[in-house]
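The values are calculated or read from the model by the stated rules, or taken from the named source; none is laboratory data. Model, not experiment: these values are computed from the prediction. Positions of Cβ are generated from backbone atoms using ideal geometry, with glycine treated the same way; all protein chains shown enter the neighbour counts. Please note that ligands, DNA and RNA were not included when accessible areas were found on the heavy atoms of the full protein model with its side chains. Shrake-Rupley method; radii C 1.70, N 1.55, O 1.52, S 1.80 Å.
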Amino acid sequence: VRAGRGRGAGPRRYHELVSDDSDGSGRGREAEGTAPEPRGAPWPIAREETAADRRARLAASWDANAEAWTDVVRQGGIASRTLATNAAVLDAVRRLGPRRVLDVGCGEGWLARALEAEGVGVVGFDASEALVRAASGGAGTFVRLDYDALQRDPDILPGPFDAVVCNFSILDAEIVGLLRALGARLAPAGRMVVQTLHPLALGAERYADAWHEETFDAFGGAFPAPMPWYARTLESWWGALDGAGLALERLEEPRMQGVAWPVSLLFTAAPLAAAPSRDDRSARRR
Ligand SMILES: C[S@@+](CC[C@H](N)C(=O)[O-])C[C@H]1O[C@@H](n2cnc3c(N)ncnc32)[C@H](O)[C@@H]1O
């Protein structure tokens with residue numbers, strides 16, 4: 001499965017195939033163009049669905065789409081990944097020089113394989129049984145576990161880890177508890193690395209925390225289930241990290257050559273207790 005743009009050749013403009021169902025047609029539409037475009041109202045307004053239903057659909061979509069997702073990732077079918085975001089997250093992790101990494105929402109396991117090839121020990125976990133099975137064929141240790149179970153018992157995972165990495169795997173509205181539980185698995189000098197959709201992709205008129213729906217239309221029907229996902233603003237990301245006791249240490253905006261805007265946001269965060277205070281930081285700059 002290749003992630004073509006559907007109409008003509010050329011790289012996809014936004015990362016991760018942002019599409020939505022804001023017109024309520026159920027068909028979704030692809031976010032592409034030469035600049036972020038103004039959009040209509042966010043999706044949930046017109047549709048009755050409880051938060052619990054939406055979360056259940058989000059989780060179920062990854063089992064339904066596991067085979068298609070594994071094919072796309074392994075065939076390098078998402079240009080923003082092969083041309084920008086894979087290297088960006090690997091660089092962010094390498095910079096930390098970790099010996100042990102936790103790969104959160106590991107999917108089919110590409111990040112674990114890449115890090116293990118460099119001698120880093122990786123534990124990956126994911127709610128999707130099919131994806132954990134796919135990941136388990138390669139290097140790394142993989143566990144089927146969902147974020148709720150981890151929050152109930154953070155010690156369910158081994159640790160501590162020098163780096164906890166969430167690569168496009170934080171998709172829910174309620175994330176503070178998850179971030180806090182993940183922070184609890186960090187070694188004292190450990191860091192959290194989170195890569196996510198750049199909110200610029202939402203467009204100015206839709207720059208808000210809101211549920212959206214990814215239909216994966218660009219893959220020509222290979223993905224049987226649409227995926228609800230929650231978009232959040234920069235301020236909201238910062239608030240979630242802060243609420244979870246994590247201090248933003250570094251913010252990057254990976255880019256693809258030839259594309260004018262960043263394709264993702266990449267945070268490196270430290271447990272608040274370990275992070276230098278603002279006074280320390282400004283003293284260091286002086
Ligand atoms: C976009 S994929 C990213 C996969 C992988 N990190 C990568 O870079 O290819 C999102 C992943 O998050 C996982 N995920 C989403 N919600 C989850 C939850 N509540 N508990 C565990 N895994 C979850 C999905 O199963 C899926 O594998």
Subject >> Single match in E174, E205, E249, E235 (criterion: open to solvent by 10 Å² or more (accessible area, probe 1.4 Å) and assigned to a loop (DSSP other than H, G, I, E, B)) >> reply: E174
**OP:** Using the structure shown, decide if D155 is charged (D, E, K, R), near the ligand (Cβ under 10 Å from one of its atoms) and open to solvent by 20 Å² or more (accessible area, probe 1.4 Å).
**Re:** no
Original post:
If only one of V165, V193 is part of a strand (DSSP E or B), crowded, with 16+ Cβ neighbours inside 10 Å, among the aliphatic types (A, V, I, L, M) and within 11 Å of the ligand (Cβ to nearest atom), which one is it?
Top reply: V165
Original post:
Counting only residues that are more than 8 Å from the ligand (Cβ to nearest atom), open to solvent by less than 20 Å² (accessible area, probe 1.4 Å) and in a loop (DSSP other than H, G, I, E, B), how many does the range 110-150 have?
Top reply: 1
Original post:
Among the residues of the range 88-105 satisfying the criterion of being touching a residue at least 40 places away in the same chain (Cβ under 8 Å), open to solvent by 10 Å² or more (accessible area, probe 1.4 Å) and within 13 Å of the ligand (Cβ to nearest atom), which is nearest to A127 (Cα to Cα)?
Top reply: G105
